[in-house]
Structures are given as structure tokens and as C-alpha cells.
Amino acid sequence: MTGHWLLKRNQSAADCTWTNADVALAWLTKRYQESPPFEREDGKVAYCALDQKLEYAADVLPRGVDVSWVHYTRSQSMVSLSVVCCPNHFHPDIPCPLPPS
């Protein structure tokens with residue numbers, strides 16, 4: 001329930017509050033590329049490709065649907081990236097912690 005992050009007002013950051021989905025996609029891409037997922041030694045695919053993730057995110061973010069990406073890196077660290085929409089499609093009654101100015 002990523003939409004419940006909207007209730008954590010003291011954890012909102014103005015520099016990570018966007019009104020344009022393209023800016024959110026750029027943020028996701030940068031963070032993903034900084035800590036890419038591990039690649040299996042047997043050549044099988046462990047996660048869907050970045051372009052597939054971006055295509056899905058570009059489709060749902062403008063409709064108020066959150067996006068979460070989670071993967072493990074080569075060093076076995078877990079990376080969790082989320083973009084929470086506000087207003088939120090599934091939680092329309094939760095106000096935005098940092099509404100656009």
C-alpha cells in the first residue's frame with residue numbers, strides 16, 4: 001500500500017515532489033542505473049528490462065497509480081524505488097503532503 005506513504009508528512013521531500021511524470025521517470029532511471037540488478041550467471045532473466053519498467057510506469061503514473069521497483073544488486077543489496085502519486089488513484093481521500101505550488 002504505497003499510497004499510505006502520503007500519511008508520513010515528515011518524510012516528504014520537496015526536491016522529490018514532481019508534477020510531471022517524465023521527471024519521476026528520470027529519477028527512477030537514474031536510481032536504477034546507479035544500482036542495477038544482478039545478472040544471472042546462467043543467462044536467464046531475473047528481472048524485466050528497464051525499458052519495460054519505464055513503459056509501464058509512463059502508462060500508470062499519469063493515472064495516479066504508484067510505481068514500485070525492487071531488485072537485488074550483484075552485492076546482494078536490496079534496492080527499493082517507489083513513486084507515490086498524489087492525488088492517489090486508490091487513496092483519493094489522503095491529501096498530498098506537499099501539494100504543488
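The values are calculated or read from the model by the stated rules, or taken from the named source; none is laboratory data. Since this is a predicted model, take the numbers as computed values, not measurements. No Cβ is skipped: glycine too gets one built from the backbone with ideal geometry, and neighbour counts run over all protein chains shown.
List of remarks:
- Subset of the range 40-69 (residues that are surrounded by 12 or more Cβ atoms within 10 Å (Cβ to Cβ) and in a loop (DSSP other than H, G, I, E, B)): Tyr47, Cys48, Gly64, Val65, Asp66
- Pairs with Cβ under 6 Å, 6+ apart, first in the range 27-55 and farther than 12 Å from Val67 by Cβ and at pLDDT 90 or above, second outside any loop (DSSP other than H, G, I, E, B) and β-branched (Val, Ile, Thr): Ser35/Val79
- Here Tyr72 meets each of (1) loosely packed, with under 14 Cβ neighbours inside 10 Å; (2) farther than 27 Å from Asn88 by Cβ with one exception, condition (1).
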